[in-house]
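I have placed the structure first, in the form of C-alpha cells, so that the comments after it can refer back to it.
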Amino acid sequence: MLENYELSPGEKKFIGWHLVFGILALSIGSLFGPLQAFEHAGLDLYPYLQPLFKSYYQGLTLHGVLNALVFTTFFITGFLTLTVTYGLTRPLRYPKLNAVGFWMMVVGLVTTAVPLLMDEASVLYTFYPPMQAHWSFYLGLTLVVVGSWVEGWGFYYTYYAWRQENKGVRTPFISFSSLITMVMWQIATLGIAAEILTMLLPWSLGWIDGADPQLARTYFWFTGHPLVYFWLLPAYISWYGMLPKQAGGKLFSDSLARLAFWLFLLLSVPLGFHHQFVDPGVPAGWKFLHAILTYSVFLPSMLTAFTVVASLEYAGRQRGGKGLLGWIRALPWDDPSVTAQLLAAILFVFGGIGGLTNASYNVNLVIHNTAWVPGHFHLTVASAVTMSFMGISYWLIPYLTGKKLWKPKWAVIQSWIWFVGMIIFSNAMHVVGLLGAPRRTPLGLAPYIPEEWNGHLLRVGIGGAIMFVGMYLYVFIVAKTAFAKHAEPATVEIPVAEAMHDPQETPDWLDRWVPWLIGTVALILVAYGPQLIDQIANISLTSPGFKVW
Amino acid sequence: MTTKQSMHIDPYEKNWIRLSIGLLVMFAAAVAVAGFALGIQVPTSEQRVDPKTVAEVGPWANPGLRELSPGKYEAYVLAQTWQFMPREMTVPAGSEITFYITSKDVQHGFKLQDTNLNVQIVPGQVSKLTITIDEPGEYTYICTEYCGLAHAAMFGKLIVE
Amino acid sequence: MAGHKDSEHEEFHPKGTIVVLLIFVLTLIILWGSVYVILLSRGVTV
C-alpha cells in the first residue's frame with residue numbers, strides 16, 4: 001500500500017519550507033565554525049568582520065543556536081511530518097494546526113535572530129544566567145519550542161484518526177518511532193519552558209530582580225540532554241526504517257527496533273545531572289544515580305548498533321558480499337544518501353564512546369568543560385545527526401521537488417570530505433581537551449597555552465577548513481537541485497524498509513502507549529522529583545543580570 | 001488479527017545484549033571503585049552565599065590560603081570577571097588543600113591543570129573539593145566556563161614547593 | 001502467513017555483525033580505559 005501513496009503537492013511544499021529554513025540556518029551558522037577553528041590554529045579573522053560581527057562569542061553563539069537548535073528543529077519537524085503521514089498513508093488530520101506551529105517557529109526564529117545579530121544575546125546556546133540576553137532572545141526560543149509542540153499535537157491528531165480507522169494494526173515503524181520522538185521532546189522541553197517562563201523571561205524584562213543560576217542549570221539540563229536524543233532519534237528512524245531498504249536489505253528486527261524506541265522514551269529524560277557532575281549545588285548521590293541511568297540509556301543504542309549493522313550485513317550479502325566482512329564493500333557506496341549515513345554511523349561509534357566517558361561520574365573531572373566536549377558533540381550532532389540529515393535530504397529534496405539530484409557523484413564526495421575533516425578536527429579536540437584546553441575559549445588569546453597544545457590546535461584549524469568545504473558543497477548541491485530550472489524530472493520512491501518478520505507478529509505491548517508513558521513519568525519523578533522540589537523550595541533569586549560581552 | 005505474536009530475538013543478538021549489559025556493569029563498577037574506594041569524588045552541595053555581598057563579608061572578602069595545621073590548607077577563591085582572587089598561591093609539596101570557590105558575578109569554571117580538580121562555579125553556591133599535591137611545580141588554574149569577552153585571559157597559578 | 005518468510009531468513013546468521021561489534025567493544029574498552037587511567041593518575045579529590 002505504501003508504494004501507491006503519494007503526498008499532496010501542498011504537503012510537499014509544507015515539508016519543503018521546513019527544509020528551506022533549516023538549511024538556511026545551517027548555512028549561516030556554519031560560517032562561524034571555521035572562524036573558531038582558525039582562531040584556535042592562530043589565525044583570528046574576527047577583527048576583519050568588524051563591525052558586522054563584534055566578537056568570537058557572537059560568532060560562537062550564532063554557530064550553536066543556528067546549527068544545533070534551529071537547523072535541527074526545523075529539519076526534524078519537517079522530516080517527521082513526512083514519516084508520520086507517509087507511514088500512516090493518510091494526510092495530516094488538521095493541516096492548519098501544523099501550519100500554525102510551523103509559522104510560530106518561523107516567528108520565533110526571527111525574534112531570536114534579531115538580538116543575536118545585534119550582539120544583544122551573545123550568551124552561547126546554553127544561555128546560563130546570570131549572563132543576561134535581551135528578552136526577545138528568550139521569547140524567540142520559547143516560540144520555536146512551542147511551535148514544535150503544536151506541530152507535534154498535529155501528529156497526535158493524525159495518529160488518533162489513523163488508529164480509529166485501523167484498529168489492531170501495528171503502527172507502521174517510521175510513524176511509530178516519529179511519534180515517540182515527539183512525545184519525548186514534549187516531555188523533555190518542560191524543563192526549558194520552566195526555566196524561561198518562570199525565571200529568565202520575567203528577569204530579563206525586569207519584572208523580577210534576580211535569577212537562581214543553579215536552579216536554572218537544573219532546568220536547562222532537564223531539557224539539554226534529551227535534546228540530544230531529539231536530534232538523534234530521527235537519524236535512528238532513518239537508520240532502522242529506511243537505510244536497510246536503500247542498501248538493498250531488510251530491517252533485521254522490528255520488535256527490537258520498537259523496544260529501543262520505547263527505552264529511549266523511558267530513559268532519555270531522567271539523567272540530566274550527568275551534565276552537572278561538577279556543579280556545586282547538586283548532591284553527589286543524585287549525580288551518581290543519574291550516571292547509572294545514563295549508562296542504561298546506552299543500552300538501546302547498543303541494541304541499535306546490532307540491529308542496524310545486521311540489517312546492513314543482510315543487505316550486503318543480498319548484493320553478493322562474501323566472507324566475514326566482504327558485505328561492507330558490497331553496500332551501495334555510490335549512493336550519496338547511503339554513503340552519508342554509513343559514514344555518519346562510523347563517526348557515531350566514537351561519539352558514543354566519548355559520551356559514555358562523559359557520563360562516567362568522576363571520569364568527567366578529566367574532561368569537563370574542556371575542548372574534548374565540543375570534540376565529542378561534533379561527532380554526535382554534527383556527524384551522526386547532521387550527516388544523516390544530509391543523506392536524507394539527498395533523496396528527500398528530489399522527492400519534494402520532483403527534480404533529480406544535481407551530480408550524485410559530487411554528493412558522495414561531499415560526505416567523504418566532511419568525514420575526513422571531522423576525523424581530524426574531533427580527534428585534535430579530544431586530545432587537546434585531555435591535555436587541559438578549555439572549551440568556549442579563543443585560545444589564540446589565552447596567555448597560558450603550553451607548547452604541547454600547538455600541534456593539536458593546528459589540526460583543529462585544518463579539520464575545520466576541510467569541514468567548511470564539505471558543508472558548503474552540501475549547501476551548493478541541494479540548492480542547485482532545488483532551484484534548477486531545467487532539471488531532469490525525478491521519480492523518487494520514499495525508502496521504507498520491510499522487516500524480516502511481519503510486524504504484526506511483534507508483541508502487542510510494544511504498540512501500547514499507556515504503560516510506557518506511565519513508566520516514563522514515574523521514572524522522571526523518582527530521578528528528578530526530590531531534587532527539583534528541594535531546589536525550588538530553596539530558590540534564591542539573588543543574581544542580577546550581567547552583560548559582559 | 002490471529003497472527004502469532006512473539007519477541008523473535010535472534011540468538012546472536014541475545015548474546016550481544018548480555019555482553020552490553022556486562023560491559024556497562026563493569027564500567028559502573030570501575031567508576032564506583034574510583035569514587036568510593038579510591039576517593040576520587042565530584043563536588044556535592046555545600047553551602048549557599050549571597051553573590052551580591054560575598055566579596056564584602058565572610059571569608060571571600062579576603063580570598064587566599066589559610067593554614068589550618070602544618071600541611072593542611074583551606075583556599076578561598078573568588079571568581080569575578082575576569083580574574084581569580086588570589087592570582088597566585090604557594091604551598092609546600094604534599095599539602096592537602098580544600099578549595100572553597102564561588103563567584104560574585106556570572107558563572108565561571110575552575111580547573112587546576114594536571115589534577116582532577118575541575119569544578120563549575122555558580123554564583124550563590126560554593127564549589128568545594130579537597131586535593132593533595134605531592135609533585136612540586138607550577139600548576140595553572142584556568143577559567144573553563146564562558147564568562148564574557150576576556151574569559152580567555154582568566155587564570156592563576158598554584159606554586160607547589 | 002509469515003511461515004515461508006521465516007525459512008527464507010533461517011540461513012542468515014549475522015556473523016559479520018558480531019565481528020564488527022567486537023571490534024567496537026575493544027575500541028570502547030581501550031579508549032574509555034585510557035581516560036580512566038588518566039583520572040587515576042591525576043590524584044584524589046574528596
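The values are calculated or read from the model by the stated rules, or taken from the named source; none is laboratory data. Since the model is a prediction, treat every value here as computed from it, not as a measurement. Cβ sites come from the backbone with ideal geometry, for glycine too, and all protein chains shown count toward neighbours. Ligands, DNA and RNA are excluded from the accessible area calculation, which covers all protein heavy atoms including side chains. Shrake-Rupley method; radii C 1.70, N 1.55, O 1.52, S 1.80 Å.
Side notes on the structure shown:
- Only one of the numbered conditions (1) part of a helix (DSSP H, G or I); (2) touching a strand residue (DSSP E or B) at 6+ places or on another chain (Cβ under 8 Å); (3) of a type outside the set (Gly, Ala, Ser) is not met by A:Pro447, and that is (1).
- Restricting attention to the range A:327-349, the residues that are in a helix (DSSP H, G or I) and either open to solvent by 30 Å² or more (accessible area, probe 1.4 Å) or closer than 24 Å to C:Leu31 by Cβ (or both) add up to 11.
- Evaluation of C:His9 against (1) out of contact with any Asp or Glu (no Cβ under 8 Å at 6 or more places or on another chain); (2) farther than 20 Å from B:Tyr12 by Cα; (3) at pLDDT below 95; (4) open to solvent by less than 70 Å² (accessible area, probe 1.4 Å) (one fails), failing number: (2)
- Subset of the range A:438-475 [closer than 24 Å to C:Arg42 by Cβ, in contact (Cβ under 8 Å) with a residue 12 or more places away in the chain and at the interface with chain B (Cβ under 9 Å from one of its Cβ atoms)]: A:Pro438, A:Arg439, A:Arg440, A:Leu443, A:Pro450
- Unmet requirement for A:Phe546, which otherwise passes all of (1) facing another protein chain (nearest Cβ under 10 Å); (2) within 30 Å of A:Pro398 (Cβ to Cβ): (2)
- Checking A:Leu510, A:Leu473, A:Leu458 one by one, the residue that is open to solvent by 40 Å² or more (accessible area, probe 1.4 Å) and among the hydrophobic types (A, V, I, L, M, F, W, C) is A:Leu458 and no other.
- If you check A:Gly354, A:Gly316, A:Gly375, A:Gly321 for being modelled with pLDDT under 95 and in contact with a helix residue (DSSP H, G or I) (Cβ under 8 Å, 6 or more places away or on another chain), only one passes: A:Gly321.
- Residue match in the range B:44-66 (condition: more than 10 Å from chain A (Cβ to nearest Cβ), in contact with a Pro (Cβ under 7 Å, 6 or more places away or on another chain) and either open to solvent by 60 Å² or more (accessible area, probe 1.4 Å) or assigned to a strand (DSSP E or B) (or both)): yes
- Selection within the range B:29-53 - aliphatic (A, V, I, L, M) and under 20 Å from the mean Cα position of the chain (by Cα): B:Ala30, B:Val31, B:Ala32, B:Val33, B:Ala34, B:Ala37, B:Leu38, B:Ile40, B:Val42, B:Val49
- Candidate set from the range B:150-161 (those that are modelled with pLDDT of 95 or more and open to solvent by 10 Å² or more (accessible area, probe 1.4 Å)); member that is farthest from the other protein chains (Cβ to nearest Cβ): B:Ile159
- Test for A:Pro450: is it surrounded by fewer than 15 Cβ atoms within 10 Å (Cβ to Cβ) and within 30 Å of B:Gln107 (Cβ to Cβ): yes
- Flag: A:Ser177 does not match the condition of being farther than 25 Å from A:Phe137 by Cα, within 14 Å of chain B (Cβ to nearest Cβ), part of a helix (DSSP H, G or I) and in contact with a helix residue (DSSP H, G or I) (Cβ under 8 Å, 6 or more places away or on another chain).
One line per residue, one yes/no per condition, for (1) within 24 Å of A:Leu190 (Cβ to Cβ); (2) open to solvent by 30 Å² or more (accessible area, probe 1.4 Å); (3) within 7 Å of another protein chain (Cβ to nearest Cβ); (4) outside any helix (DSSP H, G or I):
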{"position": "A:Arg258", "(1), (2), (3), (4)": "no, no, no, no"}
{"position": "A:Leu263", "(1), (2), (3), (4)": "yes, yes, no, no"}
{"position": "A:Leu266", "(1), (2), (3), (4)": "yes, yes, no, no"}
{"position": "A:Pro270", "(1), (2), (3), (4)": "yes, no, no, yes"}
{"position": "A:Pro280", "(1), (2), (3), (4)": "no, no, yes, yes"}
{"position": "A:Leu289", "(1), (2), (3), (4)": "yes, yes, no, no"}
{"position": "A:Thr294", "(1), (2), (3), (4)": "yes, no, no, no"}
{"position": "A:Leu299", "(1), (2), (3), (4)": "no, yes, yes, no"}
{"position": "A:Thr304", "(1), (2), (3), (4)": "no, no, no, no"}
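- When each of A:Phe75, A:Phe38, A:Phe14, A:Phe102 is tested for being out of contact with any Lys or Arg (no Cβ under 9 Å at 6 or more places or on another chain), open to solvent by 10 Å² or more (accessible area, probe 1.4 Å) and under 20 Å from A:Thr401 (Cα atoms), the lone residue that passes is A:Phe14.
- In the range A:359-373, the residues that are at the interface with chain B (Cβ under 7 Å from one of its Cβ atoms) and surrounded by fewer than 24 Cβ atoms within 10 Å (Cβ to Cβ) form no Cβ pair under 9 Å with any partner that is outside any helix (DSSP H, G or I) and of a type in the set (Asp, Glu), whether six or more places apart or across chains.
- Failed item, numbered, when A:Ser175 is tested on (1) under 23 Å from A:Thr89 (Cβ atoms); (2) in contact with a strand residue (DSSP E or B) (Cβ under 7 Å, 6 or more places away or on another chain): (2)
- Candidates B:Thr98, B:Thr140: the one that is surrounded by fewer than 18 Cβ atoms within 10 Å (Cβ to Cβ), facing another protein chain (nearest Cβ under 7 Å), under 17 Å from the mean Cα position of the chain (by Cα) and at negative phi is B:Thr140.
- Of the residues examined, B:Thr115 is one that is open to solvent by less than 20 Å² (accessible area, probe 1.4 Å), without any contact (Cβ under 8 Å) to a residue 40 or more places away in the chain and either more than 9 Å from chain A (Cβ to nearest Cβ) or not basic (Lys, Arg) (or both).
- Scanning the range A:381-404 turns up at least one residue that is over 30 Å from A:Lys485 (Cα atoms), in a helix (DSSP H, G or I) and open to solvent by 10 Å² or more (accessible area, probe 1.4 Å).
- Members of the range A:47-72 that are touching an Asp or Glu at 6+ places or on another chain (Cβ under 6 Å) and either of a type outside the set (Lys, Arg) or crowded, with 22+ Cβ neighbours inside 10 Å (or both): A:Gln58
- Verdict on A:Ala522 being crowded, with 19+ Cβ neighbours inside 10 Å, more than 10 Å from every other protein chain (Cβ to nearest Cβ), closer than 30 Å to A:Trp286 by Cβ and not polar (S, T, N, Q): no
- Scan of the range C:28-46 for residues that are part of a helix (DSSP H, G or I) and more than 7 Å from chain A (Cβ to nearest Cβ), ordered by number: C:Ile29, C:Ile30, C:Gly33, C:Ser34, C:Val37, C:Leu40, C:Ser41
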